[in-house]
1. Can you list residue pairs whose Cβ atoms sit under 9 Å apart, with the first residue in region 52-70 being modelled with pLDDT of 75 or more and the second being exposed (fewer than 10 other Cβ atoms within 10 Å of the Cβ)? Count only pairs 6 or more apart in sequence or on different chains.
2. Identify all residues within region 76-100 that are assigned to a helix (DSSP H, G or I) and exposed (fewer than 10 other Cβ atoms within 10 Å of the Cβ); write none if there are none.
3. Being of a type outside the set (K, R), in contact with a strand residue (DSSP E or B) (Cβ under 9 Å, 6 or more places away or on another chain), within 22 Å of K123 (Cβ to Cβ) and in a strand (DSSP E or B), is that true of even one residue in region 62-71?
Amino acid sequence: MSNPATVVTAGKPSLDFAGQLGKLAQLPFDSVAQAVALVSTKSATAEQLAIWLSLRDAALAAARPAVVRPLSCRISEKGAVSVYGLNARFPVTLYADQWQRLIDFVPALTEFLDKNRAALKSKS
């Protein structure tokens, strides 16, 4: 197997990115800073850095376990009910009468979801 450092040495940037993916996955980039340093010293091209970053991001995303947080409720300072755990950052907050309208709407919402299942996307 060739030395990974020889893979990053760039003469003319290659447009065959798909062919470089296997080689780029083995590049000796321990950090983004190191990768940027290699680009600035012309040891790697900007294209190789971009591919490496996308590979790294994909690997990190695949390694992260899907976190399913339990739902919880709290009463906000203004007297509304906040449901935590649906969104990553913010709760869904509605006043009691709005929650009741939503609860009453659940059968129609369920029917709508069932009819449009093919067009819907899921976050998880």
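1. Partner pairs satisfying both residue conditions: R69/A88.
2. Correct list: D97 only.
3. The answer is no; no qualifying residue exists.
The values are calculated or read from the model by the stated rules, or taken from the named source; none is laboratory data. The structure presented is a predicted model; accordingly, all values stated were derived computationally and were not measured. Positions of Cβ are generated from backbone atoms using ideal geometry, with glycine treated the same way; all protein chains shown enter the neighbour counts.
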